[in-house]
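Structure first, commentary second.
Please treat every number below as a calculation from the coordinates, not as lab data. These numbers were taken from a predicted model, which means no experiment stands behind them. Glycine also receives a Cβ, built like all others from the backbone with ideal geometry; neighbour counts cover every protein chain displayed.
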Amino acid sequence: MTRFELIQALINHQSQVPVKDMEIAVKHIFFKMIEALENNERIEIRRFGTFIRKLKTSHTARNPKTGEKVWALDRFKVYFRPAKYMKACVNLDK
């Protein structure tokens, strides 16, 4: 699902809200999530999951094209851990 599809689904569910307002609301939610991760805050959305930022330490890596060893610097990665409810909903089809 893309951001546009999410906005369309929300508009179909809440038809009294103008499209422009829904776009601004979704954009603002994503901006606030990014801002929280930049500040090393944890984002927990009940029944959906948790987003956290972790430091990936520097290490030696390999350039897949040349096979040459290169040094990968420290960097942050965003990890998502789904909630039990979400896992259960996704696995209903099995």
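Worth a mention:
- Derived scalar couplings between HN and Hα for the stretch 73-88 equal 6, 4, 7, 9, 10, 9, 10, 10, 10, x, 6, 4, 4, 5, 4, 5 Hz in order, rounded to whole Hz, by the Karplus curve 6.51 cos²θ - 1.76 cosθ + 1.60 (θ = phi - 60°), x for Gly and Pro.
- 24 Å Cα-Cα reach of residue 65 towards lysines, excluding residues that sit fewer than 8 places from it in its own chain: 56, 77
- Exposure proxy ranking for 33, 22, based on other Cβ atoms within 10 angstrom of each Cβ and starting from the fewest, stands as 33, 22.
- Contour excess over end-to-end distance, with Cα ends at residue 1 and residue 15 and 0.36 nm allotted per residue: 3.1 nm
- Quotient of C-alpha Rg and 2.2 N^0.38 Å, computed over the stretch 42-94: 1.74
- At most 15 other Cβ within 10 Å, DSSP loop - GluC sites (Glu not before Pro), the stretch 34-94: 41, 68
- Taken over the chain, the ratio of Cα radius of gyration to 2.2 N^0.38 Å equals 1.52.
- Cβ charges +1 (Lys, Arg) and -1 (Asp, Glu), total dipole of the chain, debye: 500
- Across the chain, the relative contact order, built from alpha-carbon pairs under 8 Å that are at least six residues apart, equals 20 percent.
- Look at the dipole of the chain built from charges on Cβ: of 36, 12, 57, the Cα furthest out on the positive end belongs to 57.
- Förster-model FRET efficiency, 25 Å R0, residue 71 and residue 38, C-beta, rounded to 0.05: 0.50
- Using a simple spin-label model with pseudo-atoms 7 Å out from Cα toward Cβ, residue 79 and residue 55 lie 1.5 nm apart.
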